[in-house]
1. Out of curiosity, is A:Phe197 farther than 25 Å from A:Asn247 by Cα, more than 10 Å from chain B (Cβ to nearest Cβ) and open to solvent by 20 Å² or more (accessible area, probe 1.4 Å)?
2. Looking only at region B:197-228, which residues are of a type in the set (A, V, I, L, M, F, W, C) and more than 15 Å from B:Ser80 (Cα to Cα)?
3. If you scan region A:22-58, which residues turn out to be surrounded by 21 or more Cβ atoms within 10 Å (Cβ to Cβ) and of a type in the set (D, E, K, R)?
4. Out of curiosity, is A:Pro205 in contact with a strand residue (DSSP E or B) (Cβ under 6 Å, 6 or more places away or on another chain) and at pLDDT 95 or above?
5. Which condition from (1) open to solvent by 40 Å² or more (accessible area, probe 1.4 Å); (2) within 11 Å of chain A (Cβ to nearest Cβ); (3) in contact (Cβ under 8 Å) with a residue 24 or more places away in the chain; (4) in contact with a His (Cβ under 7 Å, 6 or more places away or on another chain) is the one that B:Asn147 breaks?
6. For region A:155-170, which positions are in contact with an Asp or Glu (Cβ under 9 Å, 6 or more places away or on another chain) and either among the basic types (Lys, Arg) or more than 8 Å from chain B (Cβ to nearest Cβ) (or both)?
7. Being more than 20 Å from the chain's Cα centre (by Cα), open to solvent by 20 Å² or more (accessible area, probe 1.4 Å) and free of Cβ contacts under 8 Å to residues at least 40 places away in the same chain narrows it down to one residue among B:Glu178, B:Glu185, B:Glu213; which is it?
8. Give the residues of region A:382-408 that are under 15 Å from A:Val292 (Cβ atoms), in contact with an Asp or Glu (Cβ under 8 Å, 6 or more places away or on another chain) and open to solvent by 20 Å² or more (accessible area, probe 1.4 Å), sorted by residue number.
There are 2 protein chains.
Amino acid sequence: MGNKLTKRAEDYSKWYNELVIKADLAENSGVRGMMVIKPYGYAIWEKMQAELDRMFKETGHENAYFPLLIPKSYFSKEASHVDGFAKECAVVTHYRLKNDENGKGIVVDESAKLEEELIIRPTSETIIWDSYRKWIQSYRDLPLLINQWANVMRWEMRTRLFLRTAEFLWQEGHTAHETKEEAIEEARKMQGVYAEFAENFMAMPVIKGTKTESERFAGALDTYTIEALMQDGKALQAGTSHFLGQNFAKAFDVKYTNREGVLDYVWATSWGVSTRLMGALVMSHSDDHGLVLPPKLAPIQVAVVPIYKSEEQLEKINQRVGELVKELRGRGISVKYDNRTTYKPGWKFAEYELKGVPIRLAMGPRDLESNTIELARRDTLEKEIVQQGDLTDRVEDLLIQIQDNLFKKALDFRDDLITEVDNFEDFKEVVKHKGGFVSAHWDGTAETEEKIKSLTKATIRCIPLDATMDEGNCVLTGKRSEKRVLFAKAY
Amino acid sequence: MGNKLTKRAEDYSKWYNELVIKADLAENSGVRGMMVIKPYGYAIWEKMQAELDRMFKETGHENAYFPLLIPKSYFSKEASHVDGFAKECAVVTHYRLKNDENGKGIVVDESAKLEEELIIRPTSETIIWDSYRKWIQSYRDLPLLINQWANVMRWEMRTRLFLRTAEFLWQEGHTAHETKEEAIEEARKMQGVYAEFAENFMAMPVIKGTKTESERFAGALDTYTIEALMQDGKALQAGTSHFLGQNFAKAFDVKYTNREGVLDYVWATSWGVSTRLMGALVMSHSDDHGLVLPPKLAPIQVAVVPIYKSEEQLEKINQRVGELVKELRGRGISVKYDNRTTYKPGWKFAEYELKGVPIRLAMGPRDLESNTIELARRDTLEKEIVQQGDLTDRVEDLLIQIQDNLFKKALDFRDDLITEVDNFEDFKEVVKHKGGFVSAHWDGTAETEEKIKSLTKATIRCIPLDATMDEGNCVLTGKRSEKRVLFAKAY
């Protein structure tokens, strides 16, 4: 440790990169664009997974697993999908290596060339719909509500840990329905699940909306999104849910006999969130001292550090802390008692601060005498002295308070950064200097959207679901518009 | 359903293949050698994962995630590892597709050729030890106890669902230690964890032993294995744990400063189990009627089917069953109440029998009157009438009984199929006609091992850990031997 973090105000991007590495969340591997998720980072991801998985199951979904490799030809079956996904991807062309005849180590065995190249999945619609054709015959087989936890690969040229990596972990839901209405309801429901997860667990406020045509998933008729705002005023797309219409059913010939006995194509959705959420979590709450984790996703909710001069003191502290830890764990609180003798208390304090542990306790010889313990909360950095008898209740309350406080703080920050503008001068000014979401009228054309993007680097993040009808004039062209949309520079 | 399973006695292999598909566990995909794990199969795998993950964490391990793709050159760094793994594997050579200039769809963009080919991980020692070099400096960083849940790929020519597939799911533990003794202890400990899991959760008895040199993991100094016996008398290697010595530390230059301040190479282990366990589970207990699942791994422990003639009867049954289901779930039992009106009771009975649900309940109008319910257990196919008031206790007891019964049955079967032989005529006879494990003396040479294999197709499954010193003569060569080893034909 020791070496300090760059401050956010100085260089936000550098601060993020340093923090992810120093807090032991992830690091770059020896393979270009691919990261190693370290145990501490993975423990946070596991907590996210567990909550999301529970929410998916509570809404009737089951998990399954489909192949990593997809034949190249599958991508060509859905016209817009192929343009979106069959480009920058990892291509498997051979299935064997051999010893080089000239002794130069191992080389590709040219005789083991695949007849058709296989692509490492960038997303699994094609391989999954190829299976659904066999699984769906009648309305009795519907709805089919399936989720997959998997790794996927998109050959990104510029990568950043968690935010944009060639390989990432995600979940992808793929559902099939009898009617258009039911599929749209499913897509919206999952957007709601994502929003609930982001707000209640990540303590990250999000805006629910739909994407414009140019920002839609390749193959979707509608993309529902949740958009969050990071501390540097840039937006981050945190999860998307797509209404796919009958596009994939037609591409993969998935028909069912409906209740009237007539053959028809099924209706589809797909939806996903990824390890990108780890980046969003880091950027939502952390500060110049390090990570700040919401208690509901913190692998360690409470860290306890003993302060002692003699072996004898340590033994007494061990005993007293042991009892307190047992009580805390009894309430389902995850506690780490760090009585390693190889590190000093100051080092440990810095370590748990850097790693965003919500509550840090410290017990010294005086606490033993006075039956007290020192408590420091990570979000506000405030300290207090607590009577040992009150500790469990206090910690339990405080974990809830910290969770709420993080959400409220992020919400206030976000709400302050939604600016309504009505002319393009203000628009440019806000995008350039204030940042955040700009709420403005737009004439609904892809041309205007593109032009605004090229002039300001701001894109339409979403058309908010709760946008009220409010006629006005497009901020660029002055043409009539029926509601405001949200623009922002984005990750 | 309707179409019956082939009987085990008729064609065991065909029975297995049919059962995996009919019970909705898995199916072949459109990609050669790669399977789709269907929701019911995946739900069993999730139960296995949850228990194993808990056991790994209880023994101090943390999860992490490493890249899917490994540079070709990494494999060459450990001499024996390259021979074992860098052969039949999926090779990524390009990172882009493009539209064909002649309008023939999408083709590989030859300008996007990788400088160095990347291999889809067949196992992750090399990429993980490349990271460990950065993670380990001092004895304070040890032991490093890490596990990864991941997909891996080995380009198998002949594949079978779960038992041998090109892509499979597994966990791989990779640990680093200060001393040789500690690493050996870790490798043995994890063999013990696997054995405990197999016996207590899968109800599958296993023999713990070590592999002979020729059957060892490529790069290991010792491989600890658990070996199970399937109902056709063939052995199945169910999990392995390897003591890797300092081989990978040397190959990837992973040194640490020891307690004396001297630089030394660390000591390593790796260990894994895979979706192959699904095949082992199916083959251990299932019968000619379908799957038989041990209650501890059954996604549905109890299925309830209503039998009714009128809507009114169904409503009454729904109400009564609703109360009973609530009680059962209150005890942590997973229950499915199948009151779908689109399927008949007989169809449902067959379905839950095929899917191995441990207990099936049925309630009809007469049960309503007499406060009873019909209970059928899957393992023995016995039926009984239970008073509704006694149901919860009875089910709870029975789930434990069924779990125990399955283990005991498998153990008796296995023990009957361990045959001691002392001459090669008997050896051949037992291997050919009786099957199972043959306990015989072996002179300890790879030549004899190979010769026996080529003459009988039986291989040395393991040198049992609990083998007592028992001098004798090699069953083939007559040379001196100090203990018996176990031979068998194997999956």
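The values are calculated or read from the model by the stated rules, or taken from the named source; none is laboratory data. These numbers were taken from a predicted model, which means no experiment stands behind them. Please note: Cβ atoms are built from the backbone with ideal geometry, for glycine as well, and neighbour counts cover all protein chains shown. The protein model used for the area step is the full one, side chains on, heavy atoms only, and it has no ligands, DNA or RNA in it. Shrake-Rupley method; radii C 1.70, N 1.55, O 1.52, S 1.80 Å.
1. no
2. We begin by selecting, within region B:197-228, every residue of a type in the set (A, V, I, L, M, F, W, C); these are B:197-198, B:201-204, B:206-207, B:217-218, B:220-221, B:226, B:228.
Of everything in region B:197-228, those that are of a type in the set (A, V, I, L, M, F, W, C) and more than 15 Å from B:Ser80 (Cα to Cα) turn out to be B:Phe197, B:Ala198, B:Phe201, B:Met202, B:Ala203, B:Met204, B:Val206, B:Ile207, B:Ile226, B:Ala228.
3. Correct list: A:Lys38 only.
4. No: the conditions fail for A:Pro205.
5. (1) is the only condition that B:Asn147 fails.
6. A:Glu156, A:Met157, A:Leu161, A:Arg164, A:Thr165, A:Ala166
7. B:Glu185
8. A:Asn405, A:Phe407
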